[in-house]
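Asks: Let me begin by handing over the structure; questions about it come next.
The values are calculated or read from the model by the stated rules, or taken from the named source; none is laboratory data. Everything quoted here is computed from the prediction, not taken from an experiment. Here the Cβ is made from the backbone with ideal geometry for all residues, glycine too, and neighbour counts use every protein chain on show.
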Amino acid sequence: MTYASEKHRSAPLPQLHGVLVLDKPSGPTSARCLSRLKRLGQKKIGHAGTLDPMASGVLLVLLGNATKIAGHLLADGGKIYSGAFRLGQSTDTWDKEGEIVAEAPWDHVSPEQVRDAVAAWRGVSEQPVPPYSAAKHEGTPLYKLARTGKETPQKVKSIEISHAEVLEMALPHVRFRVACSSGTYIRSLAHSLGMRLGCGAVLTELTREYSHPFGLDAACGLDALLDDPPLLERSLRPIAEALPHWRQVSVTPEEAAKIRNGIAVPCRDEGDRALLLERGGALALAQRVETAAGPCWAVLRGLWT
């Protein structure tokens, strides 16, 4: 795939700090998308939840100090996906990118059965992890084990589905939308549905519409960013905006200096945790602790450079 950035040789941007809501295109890996942005001068870069190469949509890219909140975004955030699957086939990857390993008649399946099967996702609390995935077994990603031709270990993970519906149906093709917890494998949902219906199913399309707390309406396309590097800075969201469920507490410059030196400062607000702000900018994630001097904010994660 050729990107517009390859036409430009402008000076790299300074290291930025914040969250970029990227509209990832279908095709490249999430890692490749980040490597393209890295060439714009963003050496400190990460993400909060990868997307499979086939998938498109919201990928939260963390720049600079924002890389320090990745774990909190993953723990606190739900996802919304729309996509499509096809009945009558099974692949080794559980999506259309893999090799077909089985085909079966699907014409015995009624639209009502499909709707019921998709609605039943809401009752799913555990799912099998796809054999071609980045989940690890004894330190080795499953996809590497699968590529050796050996049988991969069966792994199961806990998930939560809060919404599932069929959007369109022209059997054997079905379009759907699902809201789920972070880390849910949508191709696993499609694969399991195909097994229950007795004909197999593969995921053929997937778009992440929302990754807490941002949706596609806030996203910027990769080609647009690479074609116009200053757009990256204009599109950046502050760290505080990415953590809406954290209580925001402003501290004085004197308190900020103490926090940077590892000294707890008095807690004048209620709540067990807070995002401490200095002059409106994110300074640290903190937890309320009881000390001999009274309740104080103790730093969980410093967000300063």
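Asks: Would you check which residues across the stretch 56-85 are over 12 Å from residue 239 (Cα atoms) and outside any strand (DSSP E or B) and list them?
Replies: Hits for the stretch 56-85 are 71, 74, 75, 76, 77.
Asks: Kindly state which helices (runs of 4 or more DSSP H) lie completely within the stretch 144-244 and contain at least 3 residues that are modelled with pLDDT of 95 or more and either buried (at least 18 other Cβ atoms within 10 Å of the Cβ) or touching a Phe, Trp or Tyr at 6+ places or on another chain (Cβ under 8 Å) (or both).
Replies: 186-197, 222-227
Asks: Residues to consider are 57, 64, 46, 71; find the one that is modelled with pLDDT under 95 and either assigned by TED's automatic domain parsing to the domain that holds residue 223 or touching a helix residue (DSSP H, G or I) at 6+ places or on another chain (Cβ under 6 Å) (or both).
Replies: 71
Asks: Further question: How about the stretch 92-108: which of its residues are touching an Asp or Glu at 6+ places or on another chain (Cβ under 9 Å) and hydrophobic (A, V, I, L, M, F, W, C)?
Replies: 100, 101
Asks: So which residues in the stretch 1-28 are exposed (fewer than 14 other Cβ atoms within 10 Å of the Cβ), of a type outside the set (Lys, Arg) and modelled with pLDDT of 50 or more?
Replies: 10, 11, 12, 14, 27
Asks: Continuing with this model, one more query. Counting only residues that are hydroxyl-bearing (Ser, Thr, Tyr) and within 11 Å of the chain's Cα centre (by Cα), how many does the stretch 25-50 have?
Replies: Residues meeting the conditions: 2.
Per-residue answers, yes or no, for (1) of a type outside the set (Gly, Ala, Ser); (2) outside any strand (DSSP E or B); (3) touching a His at 6+ places or on another chain (Cβ under 7 Å):
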{"site": "249", "(1), (2), (3)": "yes, no, no"}
{"site": "255", "(1), (2), (3)": "yes, yes, no"}
{"site": "282", "(1), (2), (3)": "no, no, no"}
{"site": "290", "(1), (2), (3)": "yes, no, no"}
{"site": "295", "(1), (2), (3)": "yes, no, no"}
{"site": "299", "(1), (2), (3)": "yes, no, no"}
{"site": "304", "(1), (2), (3)": "yes, yes, no"}
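Asks: Cβ contacts < 9 Å: first residue closer than 17 Å to residue 300 by Cβ, restricted to the stretch 263-283; second residue assigned to a strand (DSSP E or B) and among the charged types (D, E, K, R), any location; separation 6+ or different chain. Result?
Replies: 267/288; 269/288; 271/288; 272/288; 273/288; 274/288
Asks: Something else about it: In the stretch 106-128, is there at least one residue being farther than 15 Å from residue 180 by Cβ, modelled with pLDDT of 95 or more and in contact with a Gly (Cβ under 6 Å, 6 or more places away or on another chain)?
Replies: The answer is yes; a qualifying residue exists.
Asks: Given 53, 12, which one is in a loop (DSSP other than H, G, I, E, B) and over 18 Å from the mean Cα position of the chain (by Cα)?
Replies: None of the others qualify; the one that does is 12.
Asks: Also: Of all residues in the stretch 46-67, how many are surrounded by fewer than 20 Cβ atoms within 10 Å (Cβ to Cβ) and under 26 Å from residue 277 (Cβ atoms)?
Replies: The qualifying residues number 3.
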